[in-house]
Every structure is written in structure tokens, then in C-alpha cells.
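A.B. asks: Before I ask anything, here is the structure I am working with.
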Amino acid sequence: MKAKDIFILTLSLFSETANNIADYEEQAIVGLLNIILPECFSANNSIREAKGEKALTDFPLITNLNEEIPYEQIICQNTLPYGLAGKMVLDDGDFAKANYFNGMFSASMLQFSKADFVLIEDAYGGVGE
């Protein structure tokens with residue numbers, strides 16, 4: 001998904017449309033996305049690995065809104081817009097909305113992250129052994 005598509009989804013959280021893109025400074029949005037992309041890195045890799053795909057090795061870094069974000073669709077569509085919205089409303093001083101969007105961002109990462117279950121060796125033995 002392109003960064004611009006994530007931005008458009010974010011605008012919908014504010015009941016705005018793609019027509020309002022011109023109201024925002026592109027480099028500010030790119031900067032905010034570059035701040036939240038590392039925050040989703042582990043969640044995204046957990047999804048990739050659960051699907052049998054190779055994990056990404058580096059955080060993505062974008063320079064414009066026309067670039068593809070190399071994250072899984074579910075992260076781009078359901079997680080990143082909330083993270084971006086949380087950062088955008090801080091500029092307005094609306095801390096209640098910022099807390100809401102940041103909470104949804106965190107909840108979305110938890111919801112879509114895949115657990116990595118591993119066997120644990122019993123180093124102490126059981127009762128009566």
C-alpha cells in the first residue's frame with residue numbers, strides 16, 4: 001500500500017476526504033509516518049513469519065507519499081492510520097483524541113501480532129521426580 005493511501009485512510013478518521021490532502025504538508029506527513037513505521041516493525045514481522053515469509057531486516061524509510069510501504073496489508077490498513085492520526089491531532093492540542101487514536105494504534109498492533117510459541121525445557125524436573 002502506498003503512503004498516500006494510508007494518509008487517505010487517516011483523513012477518513014477525521015471525516016475528511018482525499019480532497020483535503022492539499023491542506024497538509026507532505027513532508028510533515030512523511031516524517032510522522034517514518035516515526036510510526038518502526039513502532040509497527042515487530043508486529044509486521046510476526047505476521048510475515050506466521051505466513052512463512054521472510055521477516056524484514058530494516059525499518060522502511062520513505063521520502064514521499066507515493067512510495068510503497070513494505071508492510072502487510074492488515075498493518076497498513078488497520079494499524080498505521082490510527083498511529084498517524086494520533087500524531088496528527090497532537091498538533092491541534094486535542095489530547096483526548098490523541099489518546100484515543102494512540103490506544104487504537106496499540107490495540108491494533110496487539111490484535112494483529114502473531115505469537116511465536118516455543119517449547120520450554122523443564123530444567124528442574126517435576127514434583128516427585
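A.B. asks: Which of the lysines could be linked to LYS97 by a straight reach, that is with a Cα gap under 21 Å, when you skip same-chain ones fewer than 8 residues away?
C.D. replies: LYS87
A.B. asks: May I pose another question? Between LYS114 and PHE14, what length in nm is gained on full extension when 0.36 nm per residue of separation is reduced by their alpha carbon distance? Mind showing how you got there, number by number?
C.D. replies: Details: separation 100, 0.36 × 100 = 36.00 nm, distance 2.94 nm.
Additional length available on full extension: 33.1 nm.
A.B. asks: If you keep only loop residues by DSSP, which trypsin sites (Lys or Arg not before Pro) in segment 1-93 have at most 14 other Cβ atoms within 10 Å of their Cβ?
C.D. replies: Numbers: sites: LYS2, LYS4, ARG48, LYS51, LYS54, LYS87; in loops: LYS51, LYS54.
Listed in order of number, the matching sites are LYS51, LYS54.
A.B. asks: To continue, here is another question. Compute the signed sum of charges (Lys and Arg +1, Asp and Glu -1) over the other residues within less than 10 Å, Cβ to Cβ, of ALA55. Before the final figure, lay out the partial values.
C.D. replies: Numbers: positive: ARG48, LYS54; negative: GLU49, GLU53.
Summing Lys/Arg as +1 and Asp/Glu as -1 gives 0.
A.B. asks: Starting from segment 29-129, pick out the chymotrypsin sites (Phe, Trp or Tyr not before Pro) whose DSSP state is loop and whose Cβ has at most 15 other Cβ atoms within 10 Å. Write down the numbers at each step before the final one.
C.D. replies: Numbers: sites: PHE41, TYR71, TYR82, PHE95, TYR100, PHE101, PHE105, PHE112, PHE117, TYR124; in loops: TYR71, PHE117, TYR124.
Answer by residue number: PHE117, TYR124.
A.B. asks: Another question, then. Please compute the modelled spin-label separation between GLU39 and MET1, points set 7 Å along Cα→Cβ, answer in nm with one decimal.
C.D. replies: Reported label-point gap for MET1 and GLU39 is 1.6 nm.
A.B. asks: Run the numbers on the chain and let me know its relative contact order in percent, using alpha-carbon pairs under 8 Å that are six or more apart.
C.D. replies: Numbers: 130 pairs, mean separation 40.5, N = 129.
It rounds to 31 percent for the chain.
A.B. asks: While we're looking at this one, here's another question. Just in segment 1-91: which GluC sites (Glu not before Pro) are loop by DSSP and have at most 15 other Cβ atoms within 10 Å?
C.D. replies: Details: sites: GLU16, GLU25, GLU26, GLU39, GLU49, GLU53, GLU67, GLU68, GLU72; in loops: GLU16, GLU25, GLU53, GLU67, GLU72.
Answer in residue order: GLU16, GLU25, GLU53, GLU67.
A.B. asks: Measure nothing fancy, just the Cα-based angle from helix 3-13's long axis to the longest principal axis of the chain, in degrees from 0 to 90, nearest 10.
C.D. replies: Roughly 80 degrees between the two axes.
A.B. asks: In a Debye calculation with equal point scatterers on the alpha-carbon sites of the chain and no solvent, what is log10 I(q)/I(0) at q = 0.15, 0.17, 0.18 Å⁻¹?
C.D. replies: -0.70, -0.86, -0.95
A.B. asks: Mind pulling the angle between the C-alpha long axis of helix 80-90 and the longest principal axis of the chain? Nearest 10 degrees, somewhere in 0 to 90.
C.D. replies: Roughly 60 degrees between the two axes.
A.B. asks: How big is the charge dipole of the chain about its Cα centre, in debye rounded to the nearest 20, if each Lys and Arg gets +1 on its Cβ and each Asp and Glu gets -1 on its Cβ?
C.D. replies: Values: 8 positive and 19 negative charges, 47 e Å.
Dipole size: approximately 220 debye.
A.B. asks: Moving to a separate point now. Which lysines, if any, have their Cα less than 22 Å from the Cα of LYS114, not counting same-chain residues under 8 positions apart?
C.D. replies: Candidates past the 8-residue exclusion: LYS51, LYS54.
A.B. asks: How large is the helix-only mean residue ellipticity at 222 nm for the chain, computed as the sum of -39500 (n - 2.57) over DSSP H runs with n ≥ 4, divided by its residue count, in deg cm²/dmol to the nearest 500?
C.D. replies: Values: 6 runs with 67 residues, N = 129.
Roughly -16000 deg cm²/dmol at 222 nm, from the helical runs in the chain.
A.B. asks: Could you list which residues have their amide H under 5 Å from that of LYS2, counting only those 5 or more apart in sequence or on another chain, with H placed in the peptide plane?
C.D. replies: Under 5 Å from the amide H of LYS2: ILE69.
A.B. asks: Treat each spin label as a single point 7 Å out from the Cα along the C-beta direction, and report the PHE59 to ASN99 distance in nm.
C.D. replies: According to this spin-label approximation, the distance is 2.7 nm.
Values quoted throughout were computed directly from the atomic coordinates according to the rules given, and no laboratory measurement underlies them. Note that this is a predicted model, so its numbers are computed, not measured. Cβ sites come from the backbone with ideal geometry, for glycine too, and all protein chains shown count toward neighbours.
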